[in-house]
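Peer 1: Mind looking over this structure? Questions follow.
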Number of protein chains: 4
Amino acid sequence: MATHLFDPTHFHSTIGTHHPVLVVEDGDTIITSTLDCSGRDQNLDVRHVGVNPMSGPFAVSGAKPGDVLAVRFDKLTPSRKYGWSLTQIAPNVVDPTDALDTVLDWGVRDSDWNIDTEANTVTLTGPKTNLGPLTLPLEPMIGCFGVAPSGGQAISTATSGNHGGNMDFKGFGEGVTIYFPVAVDGALFHIGDGHAAQGCGEIAGTGVEISFDVEFTLNVIKGRSIQWPRAEDDTYLMAIGNVRPLDQALQHATSELIRWLKEDYEIDEVGMACLLGQCVEYRIGNVYDPAYTVVCRIAKNLLPRK
Amino acid sequence: MATHLFDPTHFHSTIGTHHPVLVVEDGDTIITSTLDCSGRDQNLDVRHVGVNPMSGPFAVSGAKPGDVLAVRFDKLTPSRKYGWSLTQIAPNVVDPTDALDTVLDWGVRDSDWNIDTEANTVTLTGPKTNLGPLTLPLEPMIGCFGVAPSGGQAISTATSGNHGGNMDFKGFGEGVTIYFPVAVDGALFHIGDGHAAQGCGEIAGTGVEISFDVEFTLNVIKGRSIQWPRAEDDTYLMAIGNVRPLDQALQHATSELIRWLKEDYEIDEVGMACLLGQCVEYRIGNVYDPAYTVVCRIAKNLLPRK
Amino acid sequence: MATHLFDPTHFHSTIGTHHPVLVVEDGDTIITSTLDCSGRDQNLDVRHVGVNPMSGPFAVSGAKPGDVLAVRFDKLTPSRKYGWSLTQIAPNVVDPTDALDTVLDWGVRDSDWNIDTEANTVTLTGPKTNLGPLTLPLEPMIGCFGVAPSGGQAISTATSGNHGGNMDFKGFGEGVTIYFPVAVDGALFHIGDGHAAQGCGEIAGTGVEISFDVEFTLNVIKGRSIQWPRAEDDTYLMAIGNVRPLDQALQHATSELIRWLKEDYEIDEVGMACLLGQCVEYRIGNVYDPAYTVVCRIAKNLLPRK
Amino acid sequence: MATHLFDPTHFHSTIGTHHPVLVVEDGDTIITSTLDCSGRDQNLDVRHVGVNPMSGPFAVSGAKPGDVLAVRFDKLTPSRKYGWSLTQIAPNVVDPTDALDTVLDWGVRDSDWNIDTEANTVTLTGPKTNLGPLTLPLEPMIGCFGVAPSGGQAISTATSGNHGGNMDFKGFGEGVTIYFPVAVDGALFHIGDGHAAQGCGEIAGTGVEISFDVEFTLNVIKGRSIQWPRAEDDTYLMAIGNVRPLDQALQHATSELIRWLKEDYEIDEVGMACLLGQCVEYRIGNVYDPAYTVVCRIAKNLLPRK
C-alpha cells in the first residue's frame, strides 16, 4: 500500500495502450498533477498541445483483461487560483431554429473565474455581465479519465466509451470510487481535465477549467466482469453509459445498474421493477462531446444488506 | 378568488377542446378529485375505461390563445390507502440485447403499496421480493395534466407535448406552479394520473398509482408568450420539453429556459453562458411513453434580482 | 363497386373521428379533389385556413376496429399548372453549427414551378437561381392521408403516426395500395397534400405543392391486424414507421415488414435473416415534421410463391 | 502512374497511424487482396484474429493533413466461391418489444452462399429455409476502408467516423471514387471487409462475407478541405455521415453535400433549396455497428455545368 509521488513530464490526448509512466502495486496510492483541458499547468504555462491532456498512464501490476480497476479519488485540489470557461451555449443543446438567435453572436471567448480554496468558492471575475456577482461552491471534479481500451484502440480524450474518457459528470469528485473494465495488462489508468465547478451537461463546452493536484488509489478486483463504468460514493451506486444519443446512453446505464444489483444484491425481477421503477435516479453528464453520458443511480440505503 | 368544489362524473382520455365541466374566474381555486391511471376511484371502483382519465376540463374566463395559464398545486392528497405499480422495466430503457434476459419473463403484474398519509410513507406490501422491506417517503405528484392544444387536436393522455400531458416528472408536487401556453378560449385545464411516489423516468410504466383529492389555483397571465411548459417552486425555475428522443426534449427545455431568463431577468449572452454552463441542472421525467420529458432548471438564488 | 364523384366543400387540419362526408360500400371508388397544403384549390383560391387540409373523411360501410383498410391510388392528376415550394433547407437536417451559415439568410420564400401534364415535367420558373434550367419528371404523390386514430384522438395533419398522416414518401404515387389499421367504425379515410415532385425527406418543408384530382378505391380486409401502415406496388412490399427519431421509425418499419412476411409468406427465422439481411431496402419519407417516416421494403420477386 | 502488386502478410483491426506496408506515388494503382471480416483468406485459412482485418496501410507520397485522398475502386473480385453471412436480425433495428419474439431463438449461425463470378450471382446454399431458392445478383462492395484519423487515434474497424471505416454502404462498389480528408502524412489508406451482396443497413450484422482481389488507384488532391467522406460515380455525387443516431448521420451527410455543391458548383441558396428540396436522395449504410451511416446524394445530370 505504497504512496507514489509522480511529476508528469508528457501527456496524451488519446486514451490507449501507451507506455506506462509508472507501475504500481494493487492498492497503491498515486499523488500527481493534471493540466487543464487546454494543456496549461499551475503556472498557466502550456505543457501540451491537444485536447484534454492525460497524465499517465499508470499501470497496476497484475491487472489483466477481464478484471475490474477501482479508482478512488482521495483528493482533488485546484493548483492555481485562475479558472476559465468558454462563453457559449452548445448549438446541439438548443432547438435547431433557436441556434440562430441564441448562439450566433456569442463567439467562443474565455470567461475568468477566481478559485478560493479557503472559502471553497468559485467566482466569476470577467467579462462583465448583467448577472450581478456570481459565486458558486467549489466542487472539484475530474472530467476525463479512464483505462486503455481493447484491441489496440487509441480513443481521443474528446470523447468517451466503456473505457471511461471525457464523461464530465459533476458527481465524479472527492470520495467517489469508479470501476472500469480492464482491457489490457496493467489496466493503464489515465487522468486529466479537472473542473472547479460545472453544470449538468457541460453545455458551455467546459466547466471552470483548472489544473489539479490529485491523489487517487488503484485497486484491482479479480473475478468481476463489467461492461460499462460503475461508481460508488457514500450515498449511491451509479452506472454510466457513454454514447450518442442520450436514449442509448440511458439504456447502457440502466442495463449496467441492473446487472450490478443482480450480481451483488441478488435482487429478483419483481424487486428490481419495484425498486428501480419507484426509486431510480438519472443524471446527465456530458451532452457536448461526440458521446453523451448518462448516470443511472440508486440510493444505497434502499438496498438489502449484503 | 372563489373556491369551487367540483365532483367529477365523467372523464377524458384525450386532452382537447372538450366541453368545460366548470367555468371559473381568473384566480379561483378548484377542489376536486382524480381517478388513478386505470380509472379507479377512492373506493377502487372503475369509473372510466381508457388510459389516464382526466378530470375537467376547467375553463377560466378571459383566457385567450396567446395567454399563459398558471396552475398552482395547493394540495395533493391520496384519497385511499391502496397504491399499485406495474412490475416491469420498460424494454426501451435497457440495451436491446438485454431486453431478452431482463424483461422477458416478468410479465406485467401489479405490485401493491400501502399509502400512510400520517407517517408520510409508501410501503411495498406485495408480491414478495428479496428486497426486504421497502418503504419510501410519500411524495405526491401529478403525472398528467395540461391545457387543450391548438387547431382542434385531441391528444391522447398516454403522451405529452407543448400543451403538457403525460410528463410524469416527480418534481410536479405540492407547491409547484406550472405555466402552459393557452391555445383555446378558456384554456381548458385537465388533470389526473396521481402518483404517491415515482422514480425518474417512470421506467416501470407507472409510479405508485393512486386516486387523489386535489386543490389547485388557476391564474391567467396576459401579455406573455411561451412555447413549452414552464414551472416554478421555491427553489427553481424549470422549463419542460416533451418529445422523443431525449436529445430533442433537452433542446426544447434548454431553449425555453434561455427565453425565460432573457425575458424576465434580461440576462445577456455572456451571463447566460456562464450561468447555465456552470449551474444548469437537467432532470428526466417520463422515458416510457411516446414522448419523453426533460426538465432544464436553474436555482433561483443564482439569478439577479428583478 | 360503384364510383362516386364527390366535390368537397369543407376540409380538416386534423385526422380524427369527424363526421363522414360520404359513406361508400367496400370496394367502391371515389373521384374527388384535394387542396394544396396551404388550402388553395385549382384556381389558387384559398378554401381552408390550416395546414394540409384533408378532403373527407370517407366512411366505408362495415369497416370495424381491428380490420384493415386498403386504399389504392388509381389516378393522381394535378388540377392546375402552378406548383410552389418553400425556399429553405430545414435546420434539423443540417449540422447544428452549419445551420448558422446555411439557413440564416434564406427566409422562407416561395419558389414557383410549372406543371406540364402533357410533357410530364415540373420546371422551376422562379426565382432566378444559378442552377440553370431545372426540369424534373412529374411524379405525382400524396403527402398526407390516413384513417381516424383510436380513442377519440384528433391528430394534426402536420404529423404522422400509425394512422398514417403527413408521411411525405415519394413512393406513394399512382398504382400503390396502402393498408391502414382501422381504429373506428367506417375507418374514416382522409386525403390531401398533393406533390408534383419531391426529394427524399421533404427537407425544404414542402414538395412541389399542387392541387389534385384524385381517384382511389377503398377495400376493407377482415381478419387481418396490422400495427403500422403497409403498402404494395408492382415491385415491392413496404412497411412504414412514423415517429422521431429516425432510428425508431426504422425499428417500427422493420418489425412491421417482418410480421407481414411471417404472416403471409410463412418465412422462417433463418430465411428471414438471409432475405432481409442481404436484400432489404430502406427509404426515407419526411424528416421535416414532428414525426419522421422510414419505409422498409422488399422486392416481391424475391419472395416464395404464396 | 505505376501499378504495384502487394501481397499482405499482416493486418490491422484498427485504422490508425500504423507503419505503412507500401509507399506509392500520387496516381499509382495498387493490386492487392483482402481477408473476409473474420480474417479468412481465399483458402478459408484464418490469417488474422480480430474484426474486419485491414490490408495496408498504403501511404501516398506527398499527402499532407488538410489534403484530400481520392480512392477509385477499379476492380473488386471475390477470390473464392464460398461466402457466408450471420443468421440474425440485429436487435437494434426492430421494436424493443419485438426483439423478444423475433430474435430470441435465432442464435447467430452462419449461412452459406455460393459465389458464381461467371453468372454474376450469389446463391444461398444452406441452411435450409422455406424461402425457396434465393439467388441474388453479385454486387461486390467494400464494407470497411479509410484513412488514418487525426491526433494519434486508432479507431476500431467495427465502427466508422469522418476517416471512413466500417460504413457498409452497398454503393461502394467498382467504379466509385471515394474522397477522404487526409489527417496524417501519407494519408495511410486501409482496406478490407468485402461483401458479395448486402441489403441496406447490414441488419444481419454481415453482408455475404468474402475475400477479395482488389485493384484501386490513389490520388492526392491539394487545396481542398472536406469534413466527411465524399464519393462519386457516373450518376451521383454522394456525401457520407457516420455516427449514431441516424438523425445526426443524416445531418452530417446533408451538410457535407451542401458544402460540396457550394464549392464546386457555386449553387446559390435559392438554387440549393430548390435542388435539394425536390431532388435529394438519402440512402442508409450500416445501422448495425456503433456508428450508423447515411448517404446524401444528388444526380449529377441535375447540376449546372462546371
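Each value in this text was obtained by applying a stated rule to the coordinates, not by laboratory testing. Treat the numbers as computed from the prediction; the structure is a model and nothing was measured. With ideal geometry, Cβ positions are generated from the backbone for all residues, glycine too; neighbour counts draw on all protein chains shown.
Peer 1: What's the extension gain from D:ILE31 to D:ASN43 if we count 0.36 nm per residue and subtract their Cα-Cα distance?
Peer 2: 2.5 nm
Peer 1: While we're on this one: Once the dipole of segment A:230-302 is set up with Lys and Arg at +1 and Asp and Glu at -1 on Cβ about the Cα centre, which of A:HIS252, A:ALA231, A:ILE267 lies farthest towards its positive end?
Peer 2: Farthest towards the positive pole: A:HIS252.
Peer 1: Then there is this: Would you kindly state how much longer the chain becomes between D:ASP264 and D:THR235 on full extension, computed as 0.36 nm times their sequence separation minus their alpha carbon distance, in nm to one decimal?
Peer 2: 8.8 nm
Peer 1: Nearest-to-axis residue of chain D, judged by Cβ, for the D-to-C rotation, with distance in whole Å?
Peer 2: For chain D, the closest residue to the axis carrying it onto C is D:LEU246, 2.
Peer 1: Separate question: With a Cα-only, solvent-free Debye model of the protein assembly as shown, what are the log10 I(q)/I(0) values at q = 0.05 Å⁻¹?
Peer 2: -0.35
Peer 1: What FRET efficiency, computed as 1/(1 + (r/R0)^6) with R0 = 30 Å and r the Cβ-Cβ distance, is obtained for C:THR3 and D:ASN301, rounded to the nearest 0.05?
Peer 2: Calculated transfer efficiency: 0.15.
Peer 1: Determine the relative contact order of segment B:263-306: mean sequence separation of Cα pairs under 8 Å and six or more apart, normalised by residue count, in whole percent.
Peer 2: Normalised by residue count, the contact order of segment B:263-306 is 39 percent.
Peer 1: Oh, and also: Amide H to amide H, which residues 5 or more places from D:ARG224 or on other chains are under 5 Å from it, using H placed in the peptide plane?
Peer 2: D:VAL68
Peer 1: List, in order, the whole-Hz ³J(HN,Hα) value for each residue of segment B:239-246 obtained from phi through the Karplus relation with A = 6.51, B = -1.76, C = 1.60 and θ = phi - 60°; use x for Gly and Pro.
Peer 2: With coefficients 6.51, -1.76 and 1.60, one gets 10, 10, x, 10, 5, 9, x, 3 Hz.
Peer 1: List the distances, in nm to one decimal, from the label point of A:VAL49 to the label points of the same position in every other copy, shortest first, placing each label point 7 Å from Cα along the Cα-to-Cβ direction.
Peer 2: Ordered by increasing distance: 4.0, 6.3, 7.4 nm.
Peer 1: Oh, and also: Which entries in the list B:LYS64/B:LYS306; C:LYS262/D:LYS170; B:LYS64/B:LYS222 go over 19 Å, if you measure between the two C-alpha atoms of each?
Peer 2: With Cα atoms farther than 19 Å apart: B:LYS64/B:LYS306; C:LYS262/D:LYS170.
Peer 1: Taking amide hydrogens as modeled 1.01 Å from N in the peptide plane, which residues meet the under 5 Å criterion relative to B:ARG244, leaving out close sequence neighbours?
Peer 2: The list, which skips near neighbours in sequence, is B:TYR292.
Peer 1: For A:VAL23, place a label point 7 Å from Cα along the Cα-to-Cβ direction in every copy; what are the distances to the other copies, in nm, shortest first?
Peer 2: 3.4, 8.5, 8.7
Peer 1: Sticking with this structure for a sec: Top mean-square fluctuation among D:GLY152, D:GLY39, D:GLY143, Gaussian network model of chain D, C-alpha springs under 10 Å?
Peer 2: Greatest mean-square fluctuation among the candidates belongs to D:GLY152.
Peer 1: What list of ³J(HN,Hα) couplings, whole Hz, do you get for segment C:76-92 from phi and the Karplus terms 6.51, -1.76, 1.60, once you set θ to phi - 60° and write x for glycine and proline?
Peer 2: For segment C:76-92, the Karplus curve yields 10, 10, x, 9, 7, 8, 9, x, 9, 9, 6, 9, 8, 10, 4, x, 7 Hz.
Peer 1: Explain nothing, just the number: relative contact order of chain A, from Cα pairs under 8 Å at least 6 residues apart, as a whole percent.
Peer 2: 23
Peer 1: Next up: Considering only C:ASP45, C:ASP95, C:ASP67, give the residue with the highest GNM mean-square fluctuation for chain C, with springs between Cα atoms whenever their separation is below 10 Å.
Peer 2: C:ASP95
Peer 1: Right, another one. What shape does segment D:230-302 take by its C-alpha gyration tensor, where a ≥ b ≥ c are the square roots of the eigenvalues and a/c under 1.5 counts as rounded, a/b above b/c as prolate, and the rest as oblate?
Peer 2: prolate
Peer 1: Can you tell me the relative contact order of segment C:14-76? Whole percent, Cα pairs under 8 Å, sequence separation 6 or more.
Peer 2: Reported relative contact order: 37 percent.
Peer 1: Between C:PRO304 and the same site in the other copies, what are the distances in nm, shortest first, taking label points 7 Å from Cα along the C-beta direction?
Peer 2: Distances to the matching label points in the other copies: 4.8, 5.7, 7.4 nm.
Peer 1: With a 10 Å cut-off between alpha carbons and a GNM built on chain D, which of D:LEU44, D:LEU275, D:LEU76 moves the most?
Peer 2: Judging by the Gaussian network model, the answer is D:LEU275.
Peer 1: Report ³J(HN,Hα) in whole Hz for each residue of segment A:2-12, in order, from the Karplus equation J = 6.51 cos²θ - 1.76 cosθ + 1.60 where θ = phi - 60°; Gly and Pro get x.
Peer 2: Residue by residue, segment A:2-12 yields 6, 10, 10, 9, 9, 10, x, 10, 9, 9, 10 Hz.
Peer 1: What does the average come to when, for each residue of peptide A:78-91, you count the partner chain Cβ atoms lying within 10 Å of its Cβ?
Peer 2: If you average over the peptide's residues, the count of other-chain Cβ atoms is 3.
Peer 1: Right, something else. Is segment B:47-159 best put as rounded, prolate or oblate by its Cα gyration tensor, with a ≥ b ≥ c the root eigenvalues, rounded for a/c under 1.5, and otherwise prolate when a/b is larger than b/c, oblate when not?
Peer 2: Here segment B:47-159 falls in the oblate category.
Peer 1: Sequence-distant or interchain residues sharing an amide H contact under 5 Å with B:VAL176, placed H: which?
Peer 2: B:PHE73
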